[in-house]
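Data block below; observations after.
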Amino acid sequence: MGEFLRARRDRISPAQAGMEAFPGPRRVPGLRRDELAYLAGVSTDYLSRLEQGRQQNVSDAVLNSLSRALRLTGVEQDHLRRLAAPSRASRGSADLPQRADPGMLRLMTALDHLPALMLGHRGDILASNHLLHAVLGRSFEPGDSFTWFMFTDPLARERLVNWAAFASATVAGLRREAGERPHDARLRRMITKLRETDGQFDDWWQDQRILAYASVVKRIAHPVAGPLSFAVESVVPPHDPEQRLIVYTTEPDSPTAKALPLLASYGVAQSKS
């Protein structure tokens with residue numbers, strides 16, 4: 001929580017927070033600790049204990065005041081609350097394998113004319129279809145990590161024209177999940193490994209950005225079909241909000257929509273060769 005608060009302090013200036021800057025030297029790009037304490041109605045010592053992890057049982061009133069002072073988004077406010085009172089619900093089940101929701105599997109089968117996959121904790125792949133394999137240029141098996149693919153497979157940077165936008169959003173989503181699942185040892189190990197091996201990942205991780213999942217456009221450079229453009233939609237099953245069906249949708253009669261039947265045939269031919 002201390003890292004998150006300090007990063008959000010650095011992001012907002014006194015003017016943006018609606019106050020006059022306190023006199024004296026400034027060693028931070030945004031709010032000083034005493035300025036945030038003033039805005040939130042707490043003592044500087046109390047805020048120091050929060051940022052150093054020495055303050056337990058933070059009240060809702062303090063969290064609300066900090067959220068207002070820092071101009072946090074709704075997603076960031078939820079993240080701050082989870083950091084202040086981490087859930088213990090995942091302690092016993094963090095390392096148990098997930099199974100794809102049967103209803104979502106049936107829906108994915110019905111949408112077999114579109115690239116689709118199911119993701120679970122940490123970006124683990126629960127299921128995927130052949131059209132996704134044809135679009136991205138490689139096959140995925142249940143248990144593979146889509147997060148690991150994004151950062152360690154050169155093909156991801158080669159195929160995804162807007163890789164940086166998706167990769168940075170992946171990191172922001174991982175940070176959100178880390179707040180939701182503080183006892184997930186596999187998640188912590190993966191984040192540590194990626195921070196050690198990928199400087200860009202580490203830069204984005206230190207940025208402390210938090211994102212909810214949203215519809216985005218994914219642009220693909222395909223060696224056979226040429227440029228492809230998909231709107232990526234996320235569907236969450238009602239009985240298991242910790243997994244998502246990801247569907248790459250297209251505009252009717254668009255060049256991408258017309259290329260998908262060719263790609264479906266190309267994917268089948270590749271799998272047989």
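The values are calculated or read from the model by the stated rules, or taken from the named source; none is laboratory data. These numbers were taken from a predicted model, which means no experiment stands behind them. Here the Cβ is made from the backbone with ideal geometry for all residues, glycine too, and neighbour counts use every protein chain on show. Ligands, DNA and RNA are excluded from the accessible area calculation, which covers all protein heavy atoms including side chains. Shrake-Rupley method; radii C 1.70, N 1.55, O 1.52, S 1.80 Å.
Is the stretch 92-109 home to any residue that is free of Cβ contacts under 8 Å to residues at least 12 places away in the same chain and either within 24 Å of M1 (Cβ to Cβ) or in a strand (DSSP E or B) (or both)?
There is at least one residue in the stretch 92-109 that is free of Cβ contacts under 8 Å to residues at least 12 places away in the same chain and either within 24 Å of M1 (Cβ to Cβ) or in a strand (DSSP E or B) (or both).
Can you confirm whether V58 is at pLDDT 90 or above, over 22 Å from Q206 (Cα atoms) and not charged (D, E, K, R)? Don't jump to the end; show me each part of the working.
On the way: at pLDDT 90 or above: no; over 22 Å from Q206 (Cα atoms): yes; not charged (D, E, K, R): yes.
When the stated conditions are applied, V58 does not pass them.
For every residue, the table says whether it meets (1) open to solvent by less than 10 Å² (accessible area, probe 1.4 Å); (2) more than 24 Å from A259 (Cα to Cα); (3) modelled with pLDDT under 90.
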| residue | (1), (2), (3) |
| --- | --- |
| P97 | no, yes, yes |
| M104 | no, yes, no |
| H121 | no, yes, no |
| H133 | no, no, no |
| S139 | no, no, no |
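Of all residues in the stretch 225-254, how many are among the hydrophobic types (A, V, I, L, M, F, W, C) and over 21 Å from M150 (Cα atoms)?
Of the residues in that region, 2 qualify.
For R176, state whether it is of a type in the set (K, R) and either farther than 20 Å from A100 by Cβ or at pLDDT 90 or above (or both).
yes
May I ask you to list the residues in the stretch 13-70 that are more than 22 Å from I210 (Cβ to Cβ) and touching a Pro at 6+ places or on another chain (Cβ under 9 Å)?
Of everything in the stretch 13-70, those that are more than 22 Å from I210 (Cβ to Cβ) and touching a Pro at 6+ places or on another chain (Cβ under 9 Å) turn out to be E20, A21, F22, R32, E35.
Consider D184 against the criteria (1) surrounded by fewer than 18 Cβ atoms within 10 Å (Cβ to Cβ); (2) at pLDDT below 90; (3) over 13 Å from the mean Cα position of the chain (by Cα): it satisfies all of them except one. Which criterion is unmet?
(1)
I'd like the residue in the stretch 200-239 that is open to solvent by less than 40 Å² (accessible area, probe 1.4 Å) and in contact with an Asp or Glu (Cβ under 7 Å, 6 or more places away or on another chain) and, out of all such residues, is nearest to P102 (Cα to Cα).
Residue satisfying both the conditions and the ranking: P237.
Which residue is surrounded by the fewest Cβ atoms within 10 Å (Cβ to Cβ), if the candidates are limited to the stretch 37-88 and must be without any contact (Cβ under 8 Å) to a residue 40 or more places away in the chain and on the phi > 0 side of the Ramachandran plot?
So, considering only residues that are without any contact (Cβ under 8 Å) to a residue 40 or more places away in the chain and on the phi > 0 side of the Ramachandran plot, the one surrounded by the fewest Cβ atoms within 10 Å (Cβ to Cβ) is N57.
Give the stretch 187-222 a look and list any residue that's free of Cβ contacts under 8 Å to residues at least 24 places away in the same chain and not charged (D, E, K, R), or say none.
Correct list: I191, T192, G199, A214, S215.
Only one of (1) open to solvent by less than 80 Å² (accessible area, probe 1.4 Å); (2) at pLDDT 90 or above fails for P255. Which number is that?
P255 satisfies every listed condition except (1).
Do the conditions hold for R176, that is, is it closer than 25 Å to A7 by Cα and open to solvent by less than 20 Å² (accessible area, probe 1.4 Å)?
Working: closer than 25 Å to A7 by Cα: yes; open to solvent by less than 20 Å² (accessible area, probe 1.4 Å): no.
Here the answer is no, as R176 does not meet what is asked.
Every residue, every condition in (1) among the basic types (K, R); (2) open to solvent by 30 Å² or more (accessible area, probe 1.4 Å); (3) under 18 Å from F230 (Cα atoms), yes or no:
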| site | (1), (2), (3) |
| --- | --- |
| T147 | no, no, no |
| A164 | no, yes, yes |
| T170 | no, yes, yes |
| E180 | no, yes, no |
